[in-house]
Amino acid sequence: MKVIKRDFKKEPLQVLSYGGGVQSTAMIFLMIEGKLPIPDIIIHSDTGSEMPYTEDIILDMKIIVENKLGIPFEIVTAKQGKLHEAYYEKNSVPVVGIRSCTVNFKILPQRRKIREIVGKGNGILLAECWLGITTDESKREVQSNLKWIGNKFPLLELNYSREDCIQINKKYNFEVKKSGCFVCPYGGKKWFIKLYQDHPDLFDICLELEKNYQKKYGKQHGLVPSLANIESLQIPSLFTFGGEIIQENKSNCSTGGGCFL
């Protein structure tokens, strides 16, 4: 990686947190067009449980960033390994309302990498993390709980919506789907039905994860809060979910400032 050296107390490190989704991908194209400044580095936290199309676009964008912007594009991972395997080992599943997966597999790996660059400071701002929040999701705008690293929201400053970002990506022939882990409970019934349709191998991993949890703790809940388990979602008649077309490229996560996007 290109070494970034300067006095970060005077000029904080600028970092784009890249999630492989609609907004953060559009931010890179906006940088290429000169509509956004270029940060010092782009960092992606790979949970090991990303969707295949997200993995593909991350590799594509890494090449684009390094060739067009000339800045480092770093992919970092959690100490615990792959997210779904870590949950399996603990006989657990991700749960709506508990954001430990975001903290442990997204936020902390990025912060460790940033710390390697900026070093330590006593309550002094050393880095700013750019997050892909758009006007339709402005309630997700949250400030950092740490003094040494702050959050910035460039798309809000430009007054860009998610639809604006979709159009920018299409301009560059990128039809970016919703990013996120395939085991994410925020997807709900529609997500897991679509997963069974298009990626039955990943659905089977989710099924085993849920069974492993329920074998130890009983059927208190599963990956979908309203269902005892996701096994019932394999019924073919549910594939259109009451006639409604199931889409992958629409974000329905309303939680504050978590898995970006």
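Of note:
- When the C-alpha to C-alpha distance is required to be over 18 Å, the pairs from 106/190; 139/194; 5/35; 35/152; 62/152 that qualify are 106/190; 139/194; 5/35; 62/152.
- For residue 93, distant residues with modelled amide H under 5 Å away: none
- Local electrostatic count at residue 124 - Lys and Arg +1, Asp and Glu -1, tallied over other residues with Cβ under 15 Å: +3
- Compared with the alpha-carbon gap, the fully stretched path from residue 9 to residue 75 is longer by 21.3 nm at 0.36 nm per residue.
- Across region 117-122, computed HN-Hα scalar couplings (Karplus, 6.51 cos²θ - 1.76 cosθ + 1.60, θ = phi - 60°) run 7, 8, x, 10, x, 8 Hz from first to last residue, x flagging Gly and Pro.
- Here the contact order of the chain, divided by its residue count and restricted to Cα pairs under 8 Å and six or more residues apart, works out to 26 percent.
- Projected area averaged over orientations for region 185-238, convex hull of C-alpha atoms, nm²: 3.4
- For the pair residue 108 and residue 147, label points projected 7 Å from Cα toward Cβ lie 2.4 nm apart.
- Counted by Cβ distance under 12 Å from residue 82, the other residues give a net charge of -3, where Lys and Arg count +1 and Asp and Glu count -1.
- Between residue 135 and residue 85, the modelled labels are 4.4 nm apart [label points 7 Å from Cα along Cα→Cβ].
- Label sites at residue 98 and residue 228, each approximated as a point 7 angstrom past Cα along Cα to Cβ, lie 2.1 nm apart.
- Most tightly packed first, judged by the mean number of other beta-carbon atoms within 10 Å of their residues, the peptides 79-85, 192-198 read 192-198, 79-85.
- Comparing 123, 187, 21 in a Gaussian network model of the chain where C-alpha atoms under 10 Å apart are linked, the largest mean-square fluctuation is found at 123.
- Burial ordering of 27, 61, fewest other beta-carbon atoms within 10 Å first: 61, 27
- The string of couplings for region 178-192 from the Karplus curve (6.51, -1.76, 1.60, θ = phi - 60°) is 4, 8, x, 6, 5, 9, 5, x, 6, x, x, 4, 4, 4, 6 Hz, one whole number per residue in order, with x for Gly and Pro.
No lab work stands behind these numbers, since they all come straight from the coordinates. In this text the structure is predicted, and so the values were computed from the model without any measurement. Using ideal geometry, Cβ is built from the backbone for each residue, glycine included, and neighbour counts are taken over all protein chains shown.
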